[in-house]
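Encoded as structure tokens, the structure appears first; notes follow it.
What follows draws every value from the coordinates through simple rules; no lab data is involved. The structure presented is a predicted model; accordingly, all values stated were derived computationally and were not measured. All Cβ positions, glycine included, derive from the backbone under ideal geometry; neighbour counts span all protein chains shown.
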Amino acid sequence: MSARGGVWQRSFAVSRKTWLLVGSGCIVLLLLIWAGSGTAWGRASYPVLLQALITGLLLGGVYSLVSMGLTLIFGVLDIINFAHGALMALAMYAAYLLVTFAAFNPYLSLLITVPLLFLLGFVLQRFVINRIMGQPAENQLLLTFGLALLVENALLLIFTGTPKALPAPFAQSSLHLLGAVVDIPRLIAFAGSLLLAGVLYFLLSRTTIGTAVRAVAENAQGAAMVGIDVRTIYALAFGLGTACVGAAGALVAPFLSLDPTVGEQFTIIAFVVVVLGGMGNVAGAFLGGLIIGLLQEIGGAFFPNINKLLIVFLVFVLLLLLRPQGLLGRKA
Amino acid sequence: MASPPFATQRHARTKQPGALLRRSGAAIFLLVVILVTAACGGTSGSSNGSGSSSTPRVIKIGSIHPLTGALAGDGKQMDEAVRMAIDDINAAGGIKSLGGAKLAIDSVDTQGDPNVAQSEAQRLVNDGVAAMVGTYQSDATAEVAKIAERARIPLVIDVTAADDIMQQGYQFSFRIQPNATAMGTYGARYLKAISDAAGSPVKTVAYIHEESDFGTSVFKAFQAEAAKEGIQVVKEIKYNAFNVSDLTLELTQLKAANPDVIAATGYYKDSLLVAQNAASVMPNVKAMYGVANGAFDLPQFPKDAGKAGSFYFSSNYHWNALSSDANKIRSEFQAQYNDEMRTPAVFSYVAVQVIANALERARSTDAQALRNAIAQTSLNTSIFPFSGPIEFDSHGENKNAQPILMQVQNGSVMQVYPDQYAQARPIFPATPWSGGTK
Amino acid sequence: MNAVKGIAARLGRDLLVFVVVIALLALAPLFLTRFELGIAVQMLLFALLAVAWNVMGGYAGQFSFGHAAYFGIGAYISAYLVIHGGVSPWVGMLPGAALAALLGLLIGYLSFHYGLKGVFFALVTFAFAEMLHLLTTNLSPLNGSTGLNIPLISGSSWVMIQFPLGSANYYYVILLLLAFSLLVVMLLMRSRPGYFINALREDEEAAAALGIDPLRYKLLASAISAALTALGGAFYAQYLLYINPDLAFGATVSIQILLPAILGGVRTIWGPVVGAFIITLLGQATVALVHTPPPFLSALAGRSGLDVMLYGLVLILIIVLVPQGIFGAIRARARP
């Protein structure tokens, strides 16, 4: 697999060079905005562009949230989890139930959705997905696809297809920043995304379990030889990935309408983000999510009549062709 | 490389003992095919034909809607409405001109898929239905309309907005609801009317709509009519309803165009998003105006949007809240199905009434006679706030279909225009963030 | 005559099975009601598409997740030519197949050149299909998201592939196309290029070292797979008399194309056909189950989602229990 680098690279590493590039990119961008405000066009477009930047970042935060779990699953188990979006929808509905019937604060529902999804993922991997480990990719893809169908339609059965929304107050507050709008719930989701990235980093690099996970991702046989229970680690890693999506679901429920297929749009974008960030690279997924969000919104600002997704897919294809290891992966 | 590798491989293959068994594997497969098809043949649906000229005791009406899948919410209501209409007609004596013949429902599921819609419509035809009612979804309806044409069985479309279905020259399809063009046209007219009446005329509109055929045709009709009324569309923004999760940027772009009014066409989820994001962006407009909008006039909208939905206008198809017939039917539905009857289901109910009315006049279930009778329909009904009785033009469109203008006031959806159907006066200009004054 | 003898010799028993199966399938309309015939037509269409996919995804080992691209191209080009040029879809299939083959070649070439394999290849094919989807939604000459309606003609026309409702002729047309595709695939895989394709899938480096040009044979597989898929697309447009971007290029279409091949068994001639058969039966069975459920499930009668849930469950079970596909498993058991 050309995209697999060393474990350290895969789990976290973002080289100093990359941070430098990203940082200088931001500075250049800010300079452009400041300079642009000197021109008439700049002044006229400024609110739109600034909003594009902010919305792009916030949307990117949501994408990052969803993608970090997916990339972890891929990094350790080599599985493209087609059911990722469906599991996110499940988490959203769980949050909805807690808010509507148990008067939970939606952010408190994190306390339930994260462990719940972790457990679900763990059990799923241990008893179902484990049986097809090592089989050709198409079988794994189809298994997770069947799973997605199962979960989405279970939700449809229980909740019906009528869109649901969390009670109004949660969606309504916003900040006004230099003429642009920042929705508080989305900001919280963004912060959650950052926090999650940090937590994953800590988990993967500073704990024993994390080291075991990284070891299994690097070389399962070698890990087994040194006494690591690979089967449990697989289940754990998958559970961790689904726990991430459990967090994502609870964090976005305040501002997204729920219906059983709400996760589908995110599955597709998560694929793109995972490739962009380098498969298995969690920090890459975080940054990649932000980049895709920015691309989508800024592209939408400059080319309002072209479908925003088209731009994303074009970039995706170019990426796959020119740099399949993503921005942050290393070529094997 | 002594000899080409493939030669040895092939040689080895024909010598394999498994080859014989492989053939029997295929034979087993064939056997299964035959057995199953024979079994299926045994359970095929019966088709007691609705005869051509004899007087049948039971007349079947096909109900084809999405009963499963994402659209099932409305689809099921529509199916239930057909049932209820049939029960009501039977209770009132059935089709009197045919000796009190009773109606019966033949209910099938499109699953929200035009492929399935096609085969299910075929099933209805085979079952010998006299007419069909459906389907709610544009591409499924397109398929069923074709089947109706080829099988020469009348189809009464309860809900589907797409214009082009009725422009194919079909003789056997009829539509009760106002089509996309009518929605857009009246939307523009109503806007002009109420803004002029309020002494705050509208000159510019910024329009956001979902990008599929539905949103696009409504928009184009709106734009054309608005131009005639002296209103200019200064910005058009499209989005994909299925993968949109944030419309803040789009609303900022609309705001930047500085329009008098922002108009929106879309489905429920995305339109709710428009309302929520607009409450954050707070564009400096006189009103937020839905055209054929899938959210703004639904009872659920004020609850989901809260304050952010106040004063939202919606020019859309809707049952007439001032009609005692409509209210009677809706409470009957509520009692029977424990569900608040939404507009699509009301259309399904009326569709059955149209068919029954035509059967009375045709005095026959012969497909051509029924079709002609439907074409000559002139059915007065107060259930919908139309501009006249239900009458079909040469394309099968209801000449007098019109949407009405509604507005969210104090957490409820009120009819505000035209005056003969108004429950309350339009509050204009007003937006949720201007607190009702501007 | 010699050519026929040559073909017969090469295909050997395969040809015998082929003739028997096609003959039996040809008899089916005699036993099926009009409704079942419609189901059978869709089943044969899926079989055709799965057989076509199998060439690229199974035999050549290039898991394509965007075959809807070829399907949609075939459908749109044929429909467009019928509507605007009155061109017979038999003829209209050809430019569709050619253009699809070109796209297949392009994707194949790009992937090879940039070394895309496995999941990356799958994602590229998916991205191309999605881009076509988005493009056609916005192209007005193709009527955008409204789609294209093929005008109805009265009576029966083999030339325009339009028959009265429920006519068995639709069945025969798709059976013909399926038979053609099966023949093409059998001839291909039992020929020299076919062996090379297999060899390249098994071990590309070794095959290349033996002098087999990987690019050439992968491209061959791509082109044939794409062209055959486009034929299916053209038929589909004629059968539905309607096509729009979702029906042509939707992601579900890509999945529906490859599912029968995998369930039935990739890398077998008959696996995709068996898979299509099973999936169709499964779909019909779950629908029937939900609409007229046995007593212990009556509480769930008519509730949305149950049928697809069952479908997903069975999918999972099949993948877990019979990973080499149903036909693949039968065949493997047949071998000592």
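Our coupling estimate for the range B:204-221, obtained by passing each phi through the Karplus curve with A = 6.51, B = -1.76, C = 1.60 and θ = phi - 60°, is 10, 10, 10, 10, 10, 8, 6, 8, 7, 3, 4, x, 5, 5, 4, 4, 4, 5 Hz, Gly and Pro reported as x.
Straight-line cross-link partners of residue C:218 among the lysines, defined as a Cα under 17 Å from its Cα and at least 8 positions apart when in the same chain: C:117. For the range B:228-234, putting each phi into the Karplus relation 6.51 cos²θ - 1.76 cosθ + 1.60 with θ = phi - 60° gives couplings of 5, 8, x, 10, 9, 8, 8 Hz, in residue order, rounded to whole numbers and with x for Gly and Pro. Among C:201, C:13, C:267, the largest mean-square fluctuation in a Gaussian network model of chain C (Cα springs under 10 Å) belongs to C:13.
The GNM of chain C, with springs linking C-alpha atoms under 10 angstrom apart, assigns the highest mean-square fluctuation among C:33, C:268, C:137 to C:33.
For residue A:82, nonlocal amide neighbours, meaning residues 5 or more places apart or on other chains whose placed amide H falls under 5 Å from its own, are A:144, A:145. Relative contact order of chain A: 39 percent, from C-alpha pairs under 8 Å at least 6 residues apart in sequence.
The H on the amide N of residue B:378, modeled in the peptide plane, is under 5 Å from the matching H of no residue at least 5 residues off or on a different chain. Looking at the protein assembly as shown alone, DSSP beta bridges between its own residues are antiparallel in about 35 percent of cases.
Rounded to 0.05, the FRET efficiency of the residue A:201 and residue C:113 pair, given R0 = 41 Å and the Cβ-Cβ distance, is 0.70.
Subtracting the Cα-Cα distance of residue A:323 and residue A:175 from 0.36 nm times their residue separation leaves 49.5 nm of extension gain.
Roughly how tilted is helix B:324-337, in degrees to the nearest 10 and between 0 and 90, from the longest Cα axis of chain B? Value to nearest ten degrees: 50. How would you classify the range A:241-280 from its alpha-carbon gyration tensor, with a ≥ b ≥ c the square roots of the eigenvalues: rounded for a/c under 1.5, else prolate if a/b is greater than b/c, otherwise oblate? Note, shape of the range A:241-280 comes out prolate. With contacts taken as Cα pairs under 8 Å and at least 6 residues apart, chain C reaches a relative contact order of 29 percent. Which whole-number percentage describes the relative contact order of chain B, with Cα contacts under 8 Å and a sequence gap of 6 or more? Computed over chain B, the figure is 16 percent. When B:236, C:130 are sorted by how many other C-beta atoms sit within 10 angstrom of their C-beta, beginning with the fewest, the order is B:236, C:130.
Our helix-only sum for chain A, with -39,500 (n - 2.57) per DSSP H run of n ≥ 4 divided by its residues, gives a mean residue ellipticity at 222 nm of -24000 deg cm²/dmol.
What shape does the range C:2-252 take by its C-alpha gyration tensor, where a ≥ b ≥ c are the square roots of the eigenvalues and a/c under 1.5 counts as rounded, a/b above b/c as prolate, and the rest as oblate? Oblate shape, in that a/c is at least 1.5 and b/c is the bigger or equal ratio. Against the compact-protein benchmark of 2.2 N^0.38 Å, the Cα-based radius of gyration of the range B:308-432 scales to 1.23.
Per-residue 3J(HN,Hα) values for the range C:124-129, derived from phi via the Karplus relation 6.51 cos²θ - 1.76 cosθ + 1.60 with θ = phi - 60°, read 4, 4, 4, 4, 5, 4 Hz in sequence order (x marks Gly and Pro).
Which of rounded, prolate, oblate describes chain B, given a ≥ b ≥ c as roots of the alpha-carbon gyration tensor eigenvalues and a/c under 1.5 marking rounded, otherwise prolate only if a/b is larger than b/c? Since a/c reaches 1.5 but b/c is at least a/b, the shape of chain B is classed as oblate.
Candidate cross-link partners of residue B:102 among the aspartates and glutamates, defined by an alpha-carbon separation under 14 Å and a same-chain spacing of 8 or more, comprise B:87, B:88, B:360.
Counting other Cβ atoms within 10 Å as a rough exposure proxy, the listed residues B:139, C:246 run C:246, B:139 from fewest neighbours to most.
Secondary structure note: in chain B, about 25% of the DSSP beta bridges are antiparallel.
Given in Å, the Rg to one decimal and the Dmax to the nearest whole number for the Cα atoms of the protein assembly as shown are 29.9, 96. So which of B:192/B:238; A:308/B:220; B:203/B:238; B:203/B:255; B:235/B:255; B:255/B:303 end up more than 19 Å apart by C-alpha? From B:192/B:238; A:308/B:220; B:203/B:238; B:203/B:255; B:235/B:255; B:255/B:303, over 19 Å: B:192/B:238; A:308/B:220; B:203/B:238; B:255/B:303. Close amide-amide hydrogen proximity is noted between residue B:68 and B:110, B:111, B:112, each under 5 Å apart and 5 or more residues distant or on a separate chain (H modeled in the peptide plane; Pro and chain starts excluded). Pick out which of C:31, C:180, C:46 has the largest mean-square fluctuation in a Gaussian network model of chain C, springs linking Cα atoms closer than 10 Å. Highest fluctuation among the options: C:31.
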